[in-house]
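See structure below.
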Amino acid sequence: MQELNRNTVNVNTYTERIIQFGEGNFLRAFANWMIHEMNKHANFDAGVVAIQPINQGLIKMLNDQDGLYTLYLNGIKNGKAISEHEIIDCIQRGINPYENYNAFLVLAENPDLRFVISNTTEAGISYSENDRLNDAPPISYPAKLTALLHKRFQTFGGASDKGLIVIPCELIDRNGDNLKRIILQYAEDWSLGSDFSDWINEDNIFCNTLVDRIVPGYPREKMDAITQELGYKDNLVVEGEQFHLWVIEAPETVKEEIPAEACGLNIVFTDNMEPYRTRKVRILNGAHTSLVPVGYLYGIDKVRESLEDEVVGTYLRNTIFNEICPTLDLPEAELNQFSNDVLDRFRNPYLEHALMSISLNSTSKFKTRVLPSIIEYIKRKNSLPKGLLFSLASLIAFYKGERNGETYEVKDDQAALDFFAAQWATNAIPSIVKATLSNTGFWGEDLTKYEGLEHTVRENLETIQTKGMKTALQEFSK
């Protein structure tokens, strides 16, 4: 069977305009796919040079395939379950700076270079005081990028039109701001001069981003069947879900250079990404966390099965649209579209997401993902969000560790486990509810201060304990 490379398949070649730190599954299923779409449909003509950010990586394998790989996108698209695949051809080559550092630095001399993209894990955007300019290479990603930018500054004499647009995808808050701050720190440590620092500040753009696509990665268990389907050997097949979202906080000029709109890509350019971050945490993550104790105690094990169940699915939809969305400040149409996308993602038949795998550290997750919606709802509506409070009661029941007479392991930090073990040892629901809601270590405040909240949670928990979750949820949903 033939190997996948540019001699065996007919693909395009593009101008090298993007340096990409990271060659892993996420960037190849996310950013590279979008670049591929813009090359195909909007004449973006953007070739990628992938840089291996750590000593071990996939660059040799990538170069063996001339930068090519097959991407499978699996999930709900336009209301239907779809699996589709395509060869992605935007990566032109890869460089391992640990083997050829000079080839990496020479990239700085390319006049066509315009963008830097990265995904070097959350730990990648970090400062290492041991890195030096003359290291070959420096260890940290920001130090490597500083060396590259300094080389470019020198090569083009600090020309303002040779600055770069830097779009990090690492999952840390204000990733672009943090990356820029560390680069300026290296500029000072390495005595690179005020002119270089001014060029970084004035002529390079560091974007903050929010990225969202589930990427299961290399489908090892299915590769025999996939290889037969494809008719060629590909060692870098990657799978992702259909949904994608890339929020880029940047000046308007950046939007003008990236033709996402012409391709119908879900790339949002904004001057303030915080509403989008809040939307994701409250709706996507908040729905997950709200669902776990309800769905699991109901007798369901998977997220998809929860949506397919009429009672649990209706409960979750009502909670999202009637209680979470009204607490957010984006246009209603945007919130509804995002919510429907989330529900489609939950129903994805190609991904099996176990409720128990989401349940890890549920108290801290509830605090960050769900509690803000409860408090904001009370503030805006001057009433209680009954669905979210039913979830809170279910959460307390979940920590008892019993479902239909059988025990299960709850995973949380020891202090939380010890707290609930002590409470459930009493089996006195009024005191369990009061102790839990007034535990400021959990919530950062005493929740019993909100009028009617304790009474509502107590009533729900009593029903769950006396009648079981199925009857309790059915009665609640009437």
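With in contact with an Asp or Glu (Cβ under 6 Å, 6 or more places away or on another chain) and more than 19 Å from residue 289 (Cβ to Cβ) as the only criterion, which of 431, 383, 438 stands out?
None of the others qualify; the one that does is 438.
Taking the options 58, 105, 27, 71, name whichever one is more than 25 Å from residue 216 (Cα to Cα), in contact (Cβ under 8 Å) with a residue 24 or more places away in the chain and assigned by TED's automatic domain parsing to the domain that holds residue 153.
Of 58, 105, 27, 71, the one residue that is more than 25 Å from residue 216 (Cα to Cα), in contact (Cβ under 8 Å) with a residue 24 or more places away in the chain and assigned by TED's automatic domain parsing to the domain that holds residue 153 is 105.
For the range 38-75, give me each residue that is more than 25 Å from residue 233 (Cβ to Cβ) and outside any strand (DSSP E or B).
Residues satisfying the conditions are 38, 41, 42, 43, 44, 45, 46, 53, 54, 55.
Need pairs with beta-carbon distance below 7 Å; first residue surrounded by 15 or more Cβ atoms within 10 Å (Cβ to Cβ) and within the range 464-478, second of a type in the set (Phe, Trp, Tyr); sequence gap 6+ or separate chains.
Between residues of the range 464-478 that are surrounded by 15 or more Cβ atoms within 10 Å (Cβ to Cβ) and residues that are of a type in the set (Phe, Trp, Tyr), the close pairs are 469/298; 470/298; 473/298; 473/315; 476/390.
Going by the conditions given, is residue 99 closer than 14 Å to residue 54 by Cβ, surrounded by fewer than 14 Cβ atoms within 10 Å (Cβ to Cβ) and either modelled with pLDDT of 95 or more or among the basic types (Lys, Arg) (or both)?
Here the answer is yes, as residue 99 does meet what is asked.
From 409, 352, grab the single residue that is part of a loop (DSSP other than H, G, I, E, B), assigned by TED's automatic domain parsing to the domain that holds residue 316 and closer than 25 Å to residue 317 by Cβ.
Result: 352 is the single residue among 409, 352 that is part of a loop (DSSP other than H, G, I, E, B), assigned by TED's automatic domain parsing to the domain that holds residue 316 and closer than 25 Å to residue 317 by Cβ.
Would you say residue 34 is among the aliphatic types (A, V, I, L, M), over 27 Å from residue 101 (Cα atoms) and over 22 Å from the mean Cα position of the chain (by Cα)?
Here the answer is no, as residue 34 does not meet what is asked.
Are any of the residues in the range 342-351 within 25 Å of residue 416 (Cβ to Cβ), buried (at least 22 other Cβ atoms within 10 Å of the Cβ) and under 25 Å from the mean Cα position of the chain (by Cα)?
no
Table: residues versus (1) in a helix (DSSP H, G or I); (2) modelled with pLDDT of 95 or more.
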| site | (1), (2) |
| --- | --- |
| 357 | yes, no |
| 360 | no, no |
| 372 | yes, yes |
| 380 | yes, yes |
| 384 | no, yes |
| 387 | yes, yes |
| 393 | yes, yes |
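Kindly list, by first and then second residue, each pair from a residue in the range 418-438 that is more than 21 Å from residue 408 (Cβ to Cβ) to a residue that is hydroxyl-bearing (Ser, Thr, Tyr), limited to pairs with Cβ atoms under 7 Å and residues at least 6 apart or on different chains.
Between residues of the range 418-438 that are more than 21 Å from residue 408 (Cβ to Cβ) and residues that are hydroxyl-bearing (Ser, Thr, Tyr), the close pairs are 434/448; 437/448; 438/448.
Tell me, which residue of the range 201-216 that is out of contact with any helix residue (DSSP H, G or I) (no Cβ under 6 Å at 6 or more places or on another chain) and outside any strand (DSSP E or B) is surrounded by the fewest Cβ atoms within 10 Å (Cβ to Cβ)?
Checking each candidate, the answer is 202.
Just the residues that are among the basic types (Lys, Arg) and farther than 20 Å from residue 432 by Cα, please, taken from the range 366-398.
Result: 369, 379, 380, 381.
Restricting the search to the range 18-43, which residues are more than 14 Å from residue 261 (Cα to Cα) and of a type in the set (Lys, Arg)?
Passing the criteria: only 28.
Can you name every one of the strands (runs of 3 or more DSSP E) wholly within the range 218-334 that holds 2 or more residues which are in the same structural domain as residue 43 (by TED's automatic domain parsing) and crowded, with 21+ Cβ neighbours inside 10 Å?
Per the criteria, 238-241, 245-249.
So, of the residues in the range 133-165 that are hydrophobic (A, V, I, L, M, F, W, C) and not in a loop (DSSP other than H, G, I, E, B), which turns out to be farthest from residue 110 (Cα to Cα)?
143
Quick check on the range 74-96: of everything there that is small (Gly, Ala, Ser) and surrounded by 14 or more Cβ atoms within 10 Å (Cβ to Cβ), which residue is farthest from residue 149 (Cα to Cα)?
Step by step, filter the range 74-96, then rank; the result is 81.
Just for the range 107-121: of the residues that are exposed (fewer than 14 other Cβ atoms within 10 Å of the Cβ) and in contact with a helix residue (DSSP H, G or I) (Cβ under 9 Å, 6 or more places away or on another chain), which one is nearest to residue 153 (Cα to Cα)?
My answer is 109.
Show the residue pairs that are 6+ apart or on different chains and have beta-carbon atoms under 7 Å apart, the first residue being within the range 306-318 and on the phi < 0 side of the Ramachandran plot, the second being surrounded by fewer than 17 Cβ atoms within 10 Å (Cβ to Cβ).
From residues that are on the phi < 0 side of the Ramachandran plot, the pairs are 311/474; 311/477; 314/477; 315/477.
Using beta carbons and a limit of 7 Å, which pairs, at least six apart or on different chains, have the first residue in the range 325-349 and at positive phi and the second one of a type in the set (Asp, Glu) and modelled with pLDDT under 95?
none
Can you tell me which of (1) under 30 Å from residue 158 (Cα atoms); (2) surrounded by fewer than 16 Cβ atoms within 10 Å (Cβ to Cβ); (3) not hydrophobic (A, V, I, L, M, F, W, C) is the one residue 186 doesn't meet?
Residue 186 satisfies every listed condition except (2).
Taking residue 376 as the residue in question, decide whether it is under 23 Å from residue 326 (Cβ atoms), without any contact (Cβ under 8 Å) to a residue 24 or more places away in the chain and either of a type outside the set (A, V, I, L, M, F, W, C) or not in a helix (DSSP H, G or I) (or both).
Considered against the rule, which asks whether it is under 23 Å from residue 326 (Cβ atoms), without any contact (Cβ under 8 Å) to a residue 24 or more places away in the chain and either of a type outside the set (A, V, I, L, M, F, W, C) or not in a helix (DSSP H, G or I) (or both), residue 376 comes out as no.
Within the range 100-113, identify whether any single residue is in contact with a Pro (Cβ under 7 Å, 6 or more places away or on another chain) and outside any strand (DSSP E or B), and answer yes or no.
Scanning the range 100-113, I find at least one residue that is in contact with a Pro (Cβ under 7 Å, 6 or more places away or on another chain) and outside any strand (DSSP E or B), so the answer is yes.
The values are calculated or read from the model by the stated rules, or taken from the named source; none is laboratory data. All figures in this text were calculated on a predicted structure; none of them were measured in a lab. Note that we place each Cβ from the backbone using ideal geometry, even for glycine, and neighbour counts take in every protein chain shown.
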